[in-house]
Amino acid sequence: EAGVTQSPTHLIKTRGQQATLRCSPISGHTSVYWYQQALGLGLQFLLWYDEGEERNRGNFPPRFSGRQFPNYSSELNVNALELEDSALYLCASSSGTAANTDTQYFGPGTRLTVL
Amino acid sequence: GQQLNQSPQSMFIQEGEDVSMNCTSSSIFNTWLWYKQDPGEGPVLLIALYKAGELTSNGRLTAQFGITRKDSFLNISASIPSDVGIYFCAGLRAAGNKLTFGGGTRVLVKP
């Protein structure tokens, strides 16, 4: 069974540009989560999508947004890129939100570099 | 921000040694998860714990969900070179479904 997949693997942008990152969850999983892993800051929760709706959001500015498609894949968009947005962006999925189904499985990440 | 205190921050292992790391929190979590992350890759789930007091093994790994629901530990027995990496604990509350991560324990091989 395929795990969580993310594309692209690497992305290089300049300040002020927009970045779009993509994630496909494990087959059968309906919830998708986005995390940012910046150097020295650990893993920080960004967004949670379930059944096409945004369910929760971390402490990030509105420049960070996303959506979930009917096939449960998801996009993360980062507008007006800033240098400090450089990080590994990780997507995770879970099969549900109840106990024992909320375990999150991670993809390999997209390394975003802002120059 | 980060709410889980994970220790130690780093440790050196020699092949065959047992290693231990733990996470503590001021808040209660309903689920505790342990992940391992290799450089440039995403975290890989090692063990999931769902009930207070639960002790779960996965090969040479053993983890426990603290009875107070505010802590967890991970033990690795008879370490091998491929155990090198960064280990993260993560807690999950029912509301919001976001994982809160510890700062990680970097496991290195003794020179």
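For chain A, what relative contact order do you get, as a whole percent, if you take Cα pairs closer than 8 Å and at least 6 residues apart? Reported as a whole number, the value is 36 percent.
What net charge do the residues around B:Gln3 carry, taking every other residue with its C-beta under 14 Å from that of B:Gln3, with Lys and Arg at +1 and Asp and Glu at -1? Walk me through the intermediate numbers first.
Numbers: positive: B:Arg69, B:Lys70, B:Arg93, B:Lys98; negative: B:Asp71.
Charge balance in the 14 Å sphere: +3.
Model label points for B:Ala94 and B:Tyr50, set 7 angstrom from Cα along the Cα-to-Cβ axis, are 1.4 nm apart. Note on the protein assembly as shown: with charges restricted to the Cβ of Lys and Arg (+1) and Asp and Glu (-1), its dipole about the Cα centre is near 360 debye. Restricting the calculation to alpha carbons of chain B gives Rg and Dmax of 13.3, 45 angstrom.
Electrostatic tally near B:Ala94: other residues with Cβ closer than 15 Å to its Cβ, Lys and Arg +1, Asp and Glu -1, net +3.
Look at the dipole of region B:1-75 built from charges on Cβ: of B:Ile28, B:Leu74, B:Met11, the Cα furthest out on the positive end belongs to B:Ile28. Neighbours of B:Ala52 by Cβ distance under 13 Å: Lys/Arg scored +1, Asp/Glu scored -1, total +1. Remark: relative contact order (chain B) = 37 percent; criterion is Cα-Cα distance under 8 angstrom and separation of 6 or more residues. Based on the reciprocal of the average 1/r between different C-alpha atoms, the Kirkwood radius for the protein assembly as shown equals 17.9 Å. With both labels modelled 7 Å from their Cα along Cα-to-Cβ, the A:Thr9 to B:Ile67 distance reads 4.9 nm.
A short reminder: the numbers here are calculations on the coordinates, not readings from a lab. Because the structure is predicted, anything quoted here is derived from the model rather than measured. When we count neighbours, we look across all protein chains shown, and the Cβ atoms used for this are built from the backbone with ideal geometry, even at glycine.
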